[in-house]
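Quick notes on the structure that follows.
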Amino acid sequence: MFARRARLPVVSPPLCPNCDDMPILPNPATGGYFNYCSRTCATQARQNRSNQQSGSLCEQCKLRPKFSNGTHAYRYCGRTCARLAANSTSNQTNLPTIPPVNPPANPPVNLPANPTVNPPANPPPANPPPANPPPANPPPANPLVNPPVNSSVNPSGLARPSPPQPTSSGQTCRTPRCKRPVFVHPDGTPSDYCMMTHKKWGEHGCISCRAAPRSNASVLCQSCHGNELKKAPAIVQVPEDHNNYKSVESQFKQSWRHKTACPEVKAIYKVISTEASLKQYDQYLDDVETRGNFATDGKSRGNEHRRWHGTTRKCKLGDTGNNTFCADAGCPLCCIIKSSFDLKFFKAATGWGRFGQGIYTSSTSSKSNDYSKNMGINSDWKALLLNKVVVGKGKKLTQNDTSLTAPPQGYDSVLAEVGGVLNYDELVVYNNDAVRPSYLIMYKSP
């Protein structure tokens, strides 16, 4: 009989730091990875850094350079962003235009006189008999007196967008605040959006407003990012058709390596950490990168990866759109999302650590599922956290070492590999700033 060979974990490369959509490309020359998913993203990231330094980015999307005709540099990169900026300004009031109480005594030159303002000296009888039959095509009514239903002019004379026209599908664009009818394909199949720009932003843009490109290294546009930081810590639900939802869901399914069927993902939330917490994490990442120079070897900065962590949930955070933290100071899920991981709670859930006093994550979602528990609540959903972890230089171990309180000398983390005492991998870090929660995944209890 041959010994059964242990199945090695499938290590998924991190996402491109520029687009956050596609995984970074492998580098055959080094055996590692490039910094970006393509030359396009690498070029765009380089241009963005240059534009940020020179202050020449579009004031709306903050991604593309401002348009210049050679003699004058405009505030925006193009007409689309200029129109969006104008619309966002008008949408902030969200109030209908109110017609003037006293219409002007002198009507516009190009419009017929307003009969309600300047009545004739001898008004005609209430129902005079028509002297002549009405013309086949009557002249248009005065828009200042009786504005038509589908007019593009409001009572104040300002232009306004036309309301959506009915389509065979009866659907309107999924982009918030856009009421245009969806595009219908020649075969009669309706799209989810009215045009390609809204489709692009809906699936790849800001997860909150879905009406603007994302700012660098964020899933939110600059405006929404600033608003959410004011609320931080917080969680923002990711739309199901967004590329980030598909990316996280795919990682959850592909890394479910137990024999049990992979459960259905019900909801995904983006974790918004405080600015101070993110700065501490970024500083630690920079320190590890300075020591190891991982980016020069084709890896991500600091050898950063996404790893799973399961914990106890004492409330219904995440259930059916619930994004409110509970008031229980002993709810591990809420505490981790609000203030990240803390080594002082080591052993709180398991009572011991196979590789010492550290923060444990795994590339295997089904392994982390074993530690995900609901306590004192009635819910069919369970929760997992997908985290950003600075791996740095990892020490590979296959046997227990419960005495560790730090990584071995010269290393930044412990890579507990399959084989020996482990059926599934573990990644252990020994610094609170080496890990931050990034996504909350809610799934059907298996």
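The values are calculated or read from the model by the stated rules, or taken from the named source; none is laboratory data. Keep in mind that what you see is a predicted model, and the values were worked out from it rather than measured. Every residue, glycine as well, gets a Cβ built from its backbone with ideal geometry; the counts of neighbours run over all protein chains shown.
Scanning the stretch 356-378 for residues that are basic (K, R) and either surrounded by fewer than 18 Cβ atoms within 10 Å (Cβ to Cβ) or not in a helix (DSSP H, G or I) (or both) returns a single hit, K373. Considering the stretch 167-277, there are no qualifying helices (runs of 4 or more DSSP H) wholly inside with 2 or more residues that are outside the structural domain of S363 (by TED's automatic domain parsing) and among the β-branched types (V, I, T). If the condition is being outside any helix (DSSP H, G or I) and either at pLDDT 95 or above or not assigned by TED's automatic domain parsing to the domain that holds N387 (or both), then the stretch 339-351 contributes S340, F341, D342. Residues of the stretch 183-205 that are in contact with a His (Cβ under 8 Å, 6 or more places away or on another chain) and within 19 Å of N18 (Cα to Cα): G202, E203, H204.
For D370, are the conditions met, namely being closer than 25 Å to S250 by Cβ, within 30 Å of the chain's Cα centre (by Cα) and touching a residue at least 12 places away in the same chain (Cβ under 8 Å)? Yes.
Hey, could you check the stretch 282-298 for residues that are at pLDDT below 95 and of a type outside the set (G, A, S) and say which is surrounded by the fewest Cβ atoms within 10 Å (Cβ to Cβ)? That would be T296. Could you say whether any residue in the stretch 301-313 is outside the structural domain of A42 (by TED's automatic domain parsing), in contact with a Gly (Cβ under 8 Å, 6 or more places away or on another chain) and surrounded by 18 or more Cβ atoms within 10 Å (Cβ to Cβ)? Yes, that holds for at least one residue.
The residues in the stretch 393-428 that are touching an Asp or Glu at 6+ places or on another chain (Cβ under 7 Å) and buried (at least 23 other Cβ atoms within 10 Å of the Cβ) can be counted, and the count is 1. Cβ separations smaller than 6 Å between residues 6+ apart or across chains give the following pairs from the stretch 326-341 residues that are within 13 Å of L440 (Cβ to Cβ) and touching a residue at least 24 places away in the same chain (Cβ under 8 Å) to residues that are assigned to a loop (DSSP other than H, G, I, E, B) and among the β-branched types (V, I, T): L333/T311. Looking across the stretch 409-446 at every residue that is in a loop (DSSP other than H, G, I, E, B) and polar (S, T, N, Q), the one that is nearest to G302 (Cα to Cα) is identified as N431. Between D433, D401, the distinction of being closer than 24 Å to Q280 by Cα and either among the charged types (D, E, K, R) or outside the structural domain of N303 (by TED's automatic domain parsing) (or both) belongs to D433 only. Please determine whether any residue of the stretch 325-338 is of a type in the set (D, E, K, R), assigned to a strand (DSSP E or B) and under 30 Å from the mean Cα position of the chain (by Cα). No, there is no match, as no residue in the stretch 325-338 is of a type in the set (D, E, K, R), assigned to a strand (DSSP E or B) and under 30 Å from the mean Cα position of the chain (by Cα).
Here's the yes/no breakdown for (1) in contact with a helix residue (DSSP H, G or I) (Cβ under 9 Å, 6 or more places away or on another chain); (2) of a type in the set (A, V, I, L, M); (3) without any contact (Cβ under 8 Å) to a residue 40 or more places away in the chain:
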position	(1), (2), (3)
A234	yes, yes, no
E264	no, no, no
A267	yes, yes, no
V271	yes, yes, no
T274	yes, no, no
Y281	yes, no, no
G302	yes, no, no
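Among the residues making up the stretch 379-400, a single one is out of contact with any helix residue (DSSP H, G or I) (no Cβ under 7 Å at 6 or more places or on another chain), in a loop (DSSP other than H, G, I, E, B) and either at positive phi or modelled with pLDDT of 95 or more (or both): D380.
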